[in-house]
Amino acid sequence: MTDMKRLESKVILIAGAASGIGAAIARRCIAEGASIVCADYDLEPATKLAEALGPSAAACQCDVTKAPSAEAAVDFAGQRFGRLDGLVHNAAAPSTSATVVDLDESAWRHEIDVGLTGAFLMSKFAVPLIAAGGGGSVVFIGSQFARVATTRAVAYCAAKAGLVHLAKAMAVDHAAEKVRVNSLSPGAVATTRLLRRFADFDAANAGLGPAHLLGRIADPEEIAAAAAFLLSADASFVTGSDMLVDGGYATR
Ligand SMILES: NC(=O)c1ccc[n+]([C@@H]2O[C@H](COP(=O)([O-])OP(=O)(O)OC[C@H]3O[C@@H](n4cnc5c(N)ncnc54)[C@H](O)[C@@H]3O)[C@@H](O)[C@H]2O)c1
């Protein structure tokens, strides 16, 4: 995967770590020497992942939409590993395909709750612990659809645009505490999220690949590599940015 060890002695909490991009970020953080907490609504796959990654990984159940649950996940990370250096907010609800006219209010609220309010709540409890340890890095997983809109994805587009700007606002507030805050916006990535629309990844690649300048969708590991950069000291002068890792989707 990589020989780099940029995250040695760092403790990183990943919210929404059980599958897809979150699990790839977990694997990459471990490969680069970090200790990690895999926090997810879905405890069973998060626990299996942590067990597979070894003693530097732990899992906890976390619903990012509930303040006590977000606080408990941060407390768990602090108690298990003694400090916190990084937070990744990767959680997102399944996206409902709808226009503003036909989207249910409950579906709107749930997507905004998980994708945007979840980042607020995780940060609310994680940032003080990161700052107390001398600073660190917060990474929100956004989307190319924070930059450009797409059809029938109003809640998703709004949540992701809000997330990208939340990162900027937090970067302003917490720079003095040496807490860097950035978003990372992928293009289409081969995760089960795409299998709700396509029969398999070949079909997803054929359908979505041409919209990207590089002519294909991404592997989750390509997003995890960028996340590891933002979490590491290699990104020591990077804050308030939205890093597009979208194969050029939003470029034209
Ligand atoms: N796959 C793509 O094409 C793509 C493209 C751009 C951006 N993204 C973004 O990347 C991130 C990961 O996407 P993915 O494709 O790996 O999706 P995924 O559905 O596999 O992962 C999302 C994770 O979030 C967890 N989650 C959902 N609700 C939660 C809650 N209330 N509390 C805690 N955890 C919760 C899920 O259990 C799951 O493990 C998402 O933010 C998504 O919007 C994905």
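The values are calculated or read from the model by the stated rules, or taken from the named source; none is laboratory data. Please read all numbers here as calculations on a predicted model, not as lab measurements. Glycine gets a Cβ as well: all are built from the backbone with ideal geometry, and neighbour counts include every protein chain shown. Ligands, DNA and RNA are stripped out before the accessible areas are found, and what is left, the full protein with its side chains, is counted by its heavy atoms. Shrake-Rupley method; radii C 1.70, N 1.55, O 1.52, S 1.80 Å.
Within the range 168-199, being within 13 Å of the ligand (Cβ to nearest atom), outside any loop (DSSP other than H, G, I, E, B), of a type in the set (A, V, I, L, M, F, W, C) and within 17 Å of the chain's Cα centre (by Cα) holds for Leu184, Val189, Leu194. Just one of the listed residues (Ala18, Ala93, Ala23) is in contact with a Pro (Cβ under 7 Å, 6 or more places away or on another chain) and within 16 Å of the ligand (Cβ to nearest atom), namely Ala18.
Condition first: buried (at least 20 other Cβ atoms within 10 Å of the Cβ), more than 10 Å from the ligand (Cβ to nearest atom) and either in a helix (DSSP H, G or I) or charged (D, E, K, R) (or both). Now tell me which residues in the range 28-43 satisfy that. Let's see the steps before the verdict.
Pass one, the range 28-43, residues buried (at least 20 other Cβ atoms within 10 Å of the Cβ): 28-30, 32, 34-40.
When the remaining residues are screened for being more than 10 Å from the ligand (Cβ to nearest atom), the result is 28-30, 32, 34-37.
Hits for the range 28-43 are Arg28, Cys29, Ile30, Glu32.
Filter the range 73-94 down to the residues that are in a loop (DSSP other than H, G, I, E, B) and more than 23 Å from Ala225 (Cβ to Cβ) and list them by number. Step through it out loud before you land on a result.
From the range 73-94, those in a loop (DSSP other than H, G, I, E, B) are 82-85, 90-94; that's our starting set.
Residues satisfying the conditions are Gly82, Arg83, Ala93, Pro94.
Here Asp246 clears all of (1) more than 30 Å from Gly133 (Cβ to Cβ); (2) more than 11 Å from the ligand (Cβ to nearest atom); (3) of a type in the set (Asp, Glu) except the condition numbered (2). Do we have any residue at all in the range 56-65 that's crowded, with 19+ Cβ neighbours inside 10 Å, within 15 Å of the ligand (Cβ to nearest atom) and part of a helix (DSSP H, G or I)? Within the range 56-65, not a single residue is crowded, with 19+ Cβ neighbours inside 10 Å, within 15 Å of the ligand (Cβ to nearest atom) and part of a helix (DSSP H, G or I). If the condition is being closer than 18 Å to Tyr249 by Cβ, in contact (Cβ under 8 Å) with a residue 60 or more places away in the chain and not charged (D, E, K, R), then the range 173-223 contributes Ser183, Leu184, Ser185, Pro186, Gly187, Ala188, Val189, Thr191, Pro220, Ile223.
Any idea which residue in the range 152-192 is least open to solvent (accessible area, probe 1.4 Å), counting only those that are farther than 27 Å from Ser236 by Cα and among the hydroxyl-bearing types (Ser, Thr, Tyr)? Ranking the candidates gives Thr191 first. Taking the criterion of being hydroxyl-bearing (Ser, Thr, Tyr) and open to solvent by less than 60 Å² (accessible area, probe 1.4 Å), the residues of the range 71-101 that qualify are Ser95, Thr96, Thr99.
Evaluate the range 224-231: report whether one residue or more is surrounded by fewer than 16 Cβ atoms within 10 Å (Cβ to Cβ) and free of Cβ contacts under 8 Å to residues at least 60 places away in the same chain. So far as the range 224-231 goes, no, none of its residues is surrounded by fewer than 16 Cβ atoms within 10 Å (Cβ to Cβ) and free of Cβ contacts under 8 Å to residues at least 60 places away in the same chain. Scanning the range 236-252 for residues that are farther than 22 Å from Ala218 by Cα and surrounded by 12 or more Cβ atoms within 10 Å (Cβ to Cβ) yields Val238, Thr239, Gly240. Criterion applied to Phe125, Phe140 was being aromatic (Phe, Trp, Tyr), in contact (Cβ under 8 Å) with a residue 40 or more places away in the chain and not in a helix (DSSP H, G or I), and the one residue passing it is Phe140. Could you identify the single residue in Val127, Val88, Val101, Val114 that is at pLDDT 95 or above, of a type in the set (A, V, I, L, M, F, W, C) and within 9 Å of the ligand (Cβ to nearest atom)? Val114 is the lone residue from the list that is at pLDDT 95 or above, of a type in the set (A, V, I, L, M, F, W, C) and within 9 Å of the ligand (Cβ to nearest atom).
The set of residues from the range 196-252 being closer than 28 Å to Ile36 by Cβ, of a type in the set (D, E, K, R) and modelled with pLDDT of 95 or more comprises Asp219, Glu221, Glu222, Asp234, Asp242, Asp246.
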